[in-house]
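Q: Here it is, the structure, as structure tokens.
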Amino acid sequence: MTTPLLKVENLRIELTTRDGVAPVIDDLSFELGQNENISFVGESGCGKSMTALAIMGLLPEKIGRIASGSILFDGEDLTKASPARLRAIRGNEISMIFQEPMTSLNPVYTVGEQIAEVIREHQGLGRKAAWDMAADLLDAVRIPNARGRVSDYPFQMSGGQRQRVMIAMALACQPKILIADEPTTALDVTVQAQIFDLLRDLRKDTGTSIIMITHDMGAVAEMAERMIVMYAGRGAEIGPVEQIIEHARHPYTKGLTSCVPHIVSQLTEDRARLTEVPGIVPGLKDFGKNMCLFASRCNHRTEECLSARPPMKPFENGQIAACWHAEDV
Amino acid sequence: MTFINTFATRVFYAIILLMAVLVLNFSLMHMAPGDVADTIAQSMGGADKEVLDAIRTDYGLDQPFLVQLGRYMGNVAQFDLGHSFFFNQPVTQLILERLPATLLLVISAQLLALFVGVVLGVYSARKPNGIVSHFVTFFALFGYSAPVFWTGILLLISFSLMIPILPVAGMRDVTIEGNFWVHFIDVARHLVLPMITLASIFLALYSRLSRATMMETLGSDYVRTAKAKGLSERQVVYKHALKNSLSPVITLAGLQFSAVVSGAVLVETVFSWPGLGTLAFQSIIARDTPTILGILFFSALVVIVGNLLTDLALRLVDPRVGGKG
């Protein structure tokens, strides 16, 4: 078996808040293979973005820290890497696109400069060569008239175009891993589809592995091979996308998949009334308790769920679920 | 093209504004008790009513207000600001002799305040709980609340009595001879104390503002993007964050420019700096109306030009200001 490109083991991230220290990521392990696309799903505040920031080495200073565990990238432990080494990896071998294209670009520099900058930094190209490459990249992310628009400022572009610029910037150095943190949340539905198309095609061309963080189950089904369902800082279920959608082993995953609306005008037996997951994610102060954190919202709840944290139970088909009743779900 | 148009519009408004300033100044001076005739009579050692009336007729002071105003505006349009009775010189010449000294003081103080203010602001924004940050907060409060003449006198006392290493009065030492650089250094040495005094208030303002905007900018999404690109801390702070934090500081500097000019009057008086401020002080005491009007006109001109320059600077820093959007 080949070694995975990225291997996260027993990762624990602690945030210092006014109420004390809370584990926003608690004992999370997963692997990402070459040219694989995995998706993180889960409600807001479940630690999806934190995981991404931890891989990038960009946890909020003085507030967040990696308490234990390791992040092995190509065999190198990023949790122990020096700041200079992390800078050399960031934007070069692992890069990231963010949720807010409207504010993620610097308003006072041209988009060309912002793309060229990362090329100059990591590839050591000269100004002219980097600028030309920036124009080529804009063309590659399908911005019309790329040569002309490379000297535009971000405020002269629409949200979708800005996100394309972000993608161009992230892919400028042909990274091994691209982390996309809700890349389409702030965009129109039609633009969302275009961005996903673009990401899928670019992945085919470049062989970049993608970690996608999203709320959009439809996008997950279309884009990713495997998915990781996060709940309250813990992995709830990991496995191949199709199998999980077919038969979820964790009640939370089940809740999430049945939340997805289908466009059918009549309620039928196939398409029952839209359900929801009742309740909300517990507050940070409850994170890290030795119990199933989903128990308060779960209809499979038993005594066991409240008294001990469920282990990750592997199934034969590759699914792993952290639920005491995974076999029965 | 649009840029030149906007600039031309700005200059047009500036001229209108200058004319309004002239009318207002002239009216105010006209309303104030006492006139040139009194001053001249005083210098002659007293005069009776007949002589006073004769002087007033000579200088056209017996004419109706609007006639006097119209004549004055006409003269100003030809760059003739009248004749100073007290200094016995044309006002324009008098002012142009003094203007460079004031401009030197005002511009160097403003630049010093901006530069040191921004450096302190950026430094303390990066370490909001560090010792420099607390120092900036304290210093800002102190600098802003201490009157400028008081700071000036304090510096004057310390540097004349305790550490006499810098000259405390005037602008150049008449006993010094030598080439350009010798005089340059001489003026620079004289400039230090007045410049620091005048800069102290504004330095406090600018450091507070740049600290606040810098902290906001450092928490913004595009700074996170810059970090995610693997740029060094220096590039993130000085390339990506600083340029975005400068606009508010430049705007404030433009607004404060008039305050710097009026602060200069006090500082010049304290340090006997031979600029417009000292001249204003002397001519007000002497009730030298043409000179006062001339100085007010030039101060307005300096402030208006300062604001135009601020606009230009903002355009350089932020492409969104009247850009090609």
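The values are calculated or read from the model by the stated rules, or taken from the named source; none is laboratory data. Everything numeric here is computed off the predicted structure, so don't read it as measured data. Cβ coordinates were reconstructed from backbone atoms using ideal geometry, including for glycine residues, and neighbour counts include every protein chain displayed. For the accessible areas, the whole protein counts, side chains as well, though only heavy atoms, and no ligand, DNA or RNA atoms are used. Shrake-Rupley method; radii C 1.70, N 1.55, O 1.52, S 1.80 Å.
Q: Between B:Gly121, B:Gly219, B:Gly152, where does the largest GNM mean-square fluctuation fall for chain B, given springs only between Cα atoms within less than 10 Å?
A: Evaluated over chain B, the most mobile residue of the options is B:Gly219.
Q: Label B:Ala8 and B:Ile163 with points 7 Å out from Cα along Cα→Cβ: what is the distance between them in nm?
A: 5.5 nm
Q: Give me the orientation-averaged projected area of the Cα convex hull of segment B:2-91, in nm², one decimal.
A: Across all orientations, segment B:2-91 yields a mean hull projection of 7.2 nm².
Q: With a 1.4 Å probe and all protein chains left in place, how much accessible area per residue does segment B:125-229 have, in Å²?
A: 55 Å²
Q: Related question: How high is the FRET efficiency between B:Glu97 and A:Ala129 when r is their beta carbon distance and R₀ equals 35 Å, given to the nearest 0.05? Spell out each step's value before the answer.
A: Values: r = 56 Å, r/R0 = 1.60.
Step by step, r from the Cβ atoms, then E = 0.05.
Q: Quick one: which of B:43-53, B:259-269 comes out on top by average Cβ neighbours within 10 Å, and what's the full order, highest first?
A: Working: B:43-53: 10.9, B:259-269: 21.9.
Going by the mean number of other Cβ atoms within 10 Å, highest first, we get B:259-269, B:43-53.
Q: I've got another one for you. For segment B:161-176 and segment B:196-227, what is the separation of their C-alpha centers, rounded to whole Å?
A: Here the two parts' Cα centres lie 35 Å apart.
Q: Cut-off 10 angstrom, C-alpha nodes, Gaussian network model of chain A. Which of A:Val277, A:Val111, A:Val241 fluctuates the most?
A: Of A:Val277, A:Val111, A:Val241, the Gaussian network model singles out A:Val277 as fluctuating most.
Q: If you roll a 1.4 Å probe over chain A with all protein chains in place, what percent of the accessible area is carbon or sulfur? Spell out each step's value before the answer.
A: Details: 7600 of 14890 Å².
Of the solvent-accessible surface of chain A, carbon and sulfur hold 51 percent.
Q: So for segment B:92-317, what percent of the C-alpha to C-alpha distances run longer than 26 Å?
A: 45 percent
Q: Can you give me the distance in nm between label points at A:Asp286 and A:Thr190, each placed 7 Å from the Cα along the Cα-to-Cβ direction?
A: 4.3 nm
Q: Determine the gain in length on full extension of the stretch A:Ser296-A:Ser82; use 0.36 nm per residue of separation and subtract their C-alpha separation, reporting nm with one decimal. Provide the component values of the computation, followed by the final result.
A: On the way: separation 214, 0.36 × 214 = 77.04 nm, distance 4.15 nm.
Difference between extended and current length: 72.9 nm.
Q: With heavy atoms of protein chains only and a 1.4 Å probe, what residues of segment A:60-108 have at least 20 Å² less accessible area in the full set of chains than alone?
A: Residues passing the criterion (a loss of at least 20 Å², heavy atoms only) are A:Glu61, A:Arg87, A:Arg90, A:Phe98, A:Thr103, A:Ser104, A:Asn106, A:Pro107, A:Val108.
Q: At 7 Å along Cα-to-Cβ for each site, give me the label-to-label distance between B:Asn129 and A:Ser70 in nm.
A: 3.2 nm
Q: Further question on the same structure: For segment A:194-319, what does the accessible surface come to per residue with a 1.4 Å probe? Please give it in Å².
A: Value returned for segment A:194-319: 53 Å² of accessible area per residue.
Q: Another question, then. Hey, got the average number of other protein chain Cβ atoms within 10 angstrom for residues in B:218-226? Write down the numbers at each step before the final one.
A: Working: counts 0, 1, 4, 9, 11, 2, 9, 14, 7.
Mean shielding by partner chains, rounded to a whole number: 6.
Q: What are the aspartates and glutamates whose alpha-carbon lies under 13 Å from the alpha-carbon of A:Lys289, with same-chain residues fewer than 8 places away excluded?
A: A:Asp26, A:Asp27
Q: Could you order peptides B:8-14, A:214-220, A:179-185, A:321-327 by the average number of other Cβ atoms within 10 Å of their residues, highest first?
A: On the way: B:8-14: 11.9, A:214-220: 19.6, A:179-185: 23.3, A:321-327: 21.3.
The packing order, highest mean first, is A:179-185, A:321-327, A:214-220, B:8-14.
Q: Among the listed pairs A:Lys7/B:Lys227; A:Lys285/A:Lys313; B:Lys127/B:Lys229; A:Lys7/B:Lys127, which are separated by more than 32 Å between their Cα atoms?
A: Values: A:Lys7/B:Lys227 23 Å; A:Lys285/A:Lys313 26 Å; B:Lys127/B:Lys229 23 Å; A:Lys7/B:Lys127 35 Å.
Distance filter (> 32 Å) returns A:Lys7/B:Lys127.
Q: Of the heavy-atom accessible surface of segment B:1-100 (probe 1.4 angstrom), what whole percent is carbon and sulfur?
A: The value for segment B:1-100 is 66 percent carbon and sulfur by accessible area.
Q: Just the projected area, averaged over all directions, of the convex hull on the alpha carbon atoms of the protein assembly as shown: how many nm²?
A: If I average the Cα hull's projected area over directions, I get 42.6 nm².
Q: When the convex hull of the C-alpha atoms of segment B:234-325 is computed, what volume per residue in Å³ does it have?
A: Values: hull volume 10.3 nm³, N = 92.
For segment B:234-325, the hull spanned by Cα atoms encloses 112 Å³ per residue.
Q: Mind computing the radius of gyration and Dmax over the alpha-carbon atoms of chain A? Å is fine for both.
A: When restricted to Cα atoms, chain A yields Rg and Dmax of 20.7, 67 Å.
Q: Any idea what the relative contact order of chain A is, in percent, if you count C-alpha pairs under 8 Å spaced at least 6 apart?
A: 20 percent
Q: To the nearest hundred square angstrom, how large is the accessible surface buried between A and B, total for both chains, probe 1.4 angstrom?
A: Numbers: alone 16020 and 18370 Å², together 32040 Å².
Between A and B, the summed buried area is about 2300 Å².
Q: For chain B, what does the relative contact order come out to in percent, with C-alpha contacts under 8 Å and a separation of six or more? Present the calculation step by step, with values, prior to reporting the outcome.
A: Working: 352 pairs, mean separation 82.6, N = 325.
Taking the mean separation of contacting Cα pairs over the length of chain B, I get 25 percent.
Q: If a cysteine in the protein assembly as shown has no other Cys Cβ under 4.7 Å from its own Cβ, put it on the list, ordered by number.
A: A:Cys46, A:Cys173, A:Cys259, A:Cys298, A:Cys323
Q: Heavy-atom accessible surface, probe 1.4 Å, ligands and DNA/RNA ignored: which residues of segment A:113-130 lose at least 20 Å² versus the isolated chain?
A: A:Glu117, A:Val118, A:Glu121
Q: I'd like the mean, over residues of B:227-239, of how many other protein chain beta carbons sit within 10 Å of each residue's own Cβ.
A: 6
Q: Enter the Cα centre distance for the pair segment A:38-109 and segment B:2-79, rounded to the nearest angstrom.
A: 69 Å
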